[in-house]
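Quick notes on the structure that follows.
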Amino acid sequence: MSVRSGYHHGDLRNALSRAAADLAREGGPGAVTVRAAARAVGVTPTAAYRHFAGHEELLDAAKEQAMARMAAVMDAELARSPDQGDPVRRGLRHLAAVGLGYLNFAVAEPGLFRTCFVGGMPAGSTVHPVWTSEPFVRAIAVLDELAEAGYLPAERRPMAELAIWSSVHGLAMLLNEGPMRHAGPEIQRQAIERTFEVIAVGLGGSPLTGELRADLLEMIRRSGLSAPDPGPSAG
């Protein structure tokens, strides 16, 4: 295996960050070490330590790269969402796009996905870094959009992002590492559809109209999302 990535003079820190993300992509956060990143770039560990004091700093850099790549997948889904004139339809399509981008990234890049959530709450901090990350900012923007459109009642707006994050993240874990990984494509699709419908109904407080529900299901089906092949079962 090789994740070697060349660098220009003065750009070693960025090269090491990219190498750390490549290591995480292939082996998860546990694969990220200063020595491994230095070897991938083609420098000595001593040179790498001039830019990163230790493993934790390099892992934070890999985490930033992973979050940025997740945000890019979300943006790609958002770009495919039709710009409907009705603000509620537009907001719900954007909600589906952000959630589907999250799931697509989790399934396609399990190593980077795990890396996104390493580390605990910094000492003395009241805000977890994940909450200020690019993907989470996109989720907040979509919920604000739905609130402005009048779909998400004001009393349900506080912490709504945590509710949808919990649902979509839980589904991602089931598809990646839980029993849903071994379910067939049809069962997986139904689970994704129902999760997103429950989220949408829960936010608005009333059942979706046929048109809104059709929009949601169309986006999910068009995404082509499926869990990774689990390979041959043990035994």
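The values are calculated or read from the model by the stated rules, or taken from the named source; none is laboratory data. Just so it is clear, the structure is predicted and the values come from calculations on it, not from any experiment. Every residue, glycine as well, gets a Cβ built from its backbone with ideal geometry; the counts of neighbours run over all protein chains shown. Keep in mind that these areas ignore ligands, DNA and RNA; they rest on the heavy atoms of the full protein, side chains included. Shrake-Rupley method; radii C 1.70, N 1.55, O 1.52, S 1.80 Å.
Among the listed residues Leu162, Leu143, identify the single one that is within 22 Å of Ile192 (Cβ to Cβ), in a helix (DSSP H, G or I) and in contact (Cβ under 8 Å) with a residue 60 or more places away in the chain.
None of the other options fit; the residue is Leu143.
Yes or no, residue by residue, for (1) among the hydrophobic types (A, V, I, L, M, F, W, C); (2) open to solvent by 40 Å² or more (accessible area, probe 1.4 Å):
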{"site": "Ala61", "(1), (2)": "yes, no"}
{"site": "Ser81", "(1), (2)": "no, no"}
{"site": "Gln84", "(1), (2)": "no, yes"}
{"site": "Ala108", "(1), (2)": "yes, yes"}
{"site": "Phe113", "(1), (2)": "yes, no"}
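Of the numbered conditions (1) modelled with pLDDT under 95; (2) open to solvent by less than 10 Å² (accessible area, probe 1.4 Å), Leu100 fails exactly one; give the number of that condition.
Of (1) modelled with pLDDT under 95; (2) open to solvent by less than 10 Å² (accessible area, probe 1.4 Å), only one is false for Leu100: (1).
Among residues belonging to region 49-59 that are open to solvent by 80 Å² or more (accessible area, probe 1.4 Å) and assigned to a helix (DSSP H, G or I), point out the one that is nearest to Val34 (Cα to Cα).
Once the filter is applied, the top-ranked residue is Tyr49.
Looking only at region 17-38, filter to residues that are of a type in the set (Gly, Ala, Ser) and more than 18 Å from Arg50 (Cβ to Cβ); which one of those is most open to solvent (accessible area, probe 1.4 Å)?
Gly30
Considering region 86-121 alone, what residues qualify as being in contact with a helix residue (DSSP H, G or I) (Cβ under 8 Å, 6 or more places away or on another chain), free of Cβ contacts under 8 Å to residues at least 40 places away in the same chain and not in a helix (DSSP H, G or I)?
Correct list: Phe117 only.
Go through region 140-188 and give me each residue that's open to solvent by 40 Å² or more (accessible area, probe 1.4 Å), of a type outside the set (Lys, Arg), under 17 Å from Leu100 (Cα atoms) and in contact with a helix residue (DSSP H, G or I) (Cβ under 9 Å, 6 or more places away or on another chain).
Ile140, Ala141, Leu162, Ala163, Trp165, Ser167, His169, Met173, Leu174, Ile187
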